[in-house]
Amino acid sequence: MAEVFKVDAALSSMALSVSAVVSLVLLSLVGKAMAKVGGEKVWLLAVVAKVVVMLGLAGLALYAGQLAAYLPLGLYLVYLQGVTTVDMVQPAIAAKASRAGAGMTQGLLMFAIAGAYAGGNVLSGISADSFGWSSLASLVAVVSAIALVVGLTCLVSKPRVAIQRATFNDSESTSKL
């Protein structure tokens, strides 16, 4: 951070420490929110917040110039909290949305996370080498926007008629056996 973004290492360490403390408080609040409104809404809110922050970080990296270091660190702190919220809610949503058992669902989720981590490292390396370090902000903003679209597409509640039709079709197919 110090060499690439001109952010002092002490400020970066402080941001991570504050993030850890805020995560403890946030996890409690997220748990209560999930109990009240459900995991899907909390997850979508976290993804929206993450995309907004990532777009803000991308804008800072591309157009900011000489802004003080506190604004990027603040946005980074908010981003870390969004990641915490998204990571906490993912298994609950996957278990609810999946027809597979809990073990299979958790295994598939971990496989997807590992694949995304590996793919992200490859893409970010290629992007940084080909277009410079500031391109990483744009890359993350694009990938976050894609995640938001996928999340909204997959998790928006289906109309009741579609659910009834799917249930009817399932009972039809089993009655022929």
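The values are calculated or read from the model by the stated rules, or taken from the named source; none is laboratory data. Model, not experiment: these values are computed from the prediction. Note: ideal-geometry Cβ built from the backbone for every residue, glycine included; neighbour counts use all protein chains shown.
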### Task
Could you check how many residues of the range 128-148 are surrounded by fewer than 12 Cβ atoms within 10 Å (Cβ to Cβ) and either closer than 11 Å to Leu44 by Cα or acidic (Asp, Glu) (or both)?
1
### Query
Just wondering, is there one or more residues in the range 137-154 that are assigned to a helix (DSSP H, G or I), modelled with pLDDT of 50 or more and more than 24 Å from the chain's Cα centre (by Cα)?
no
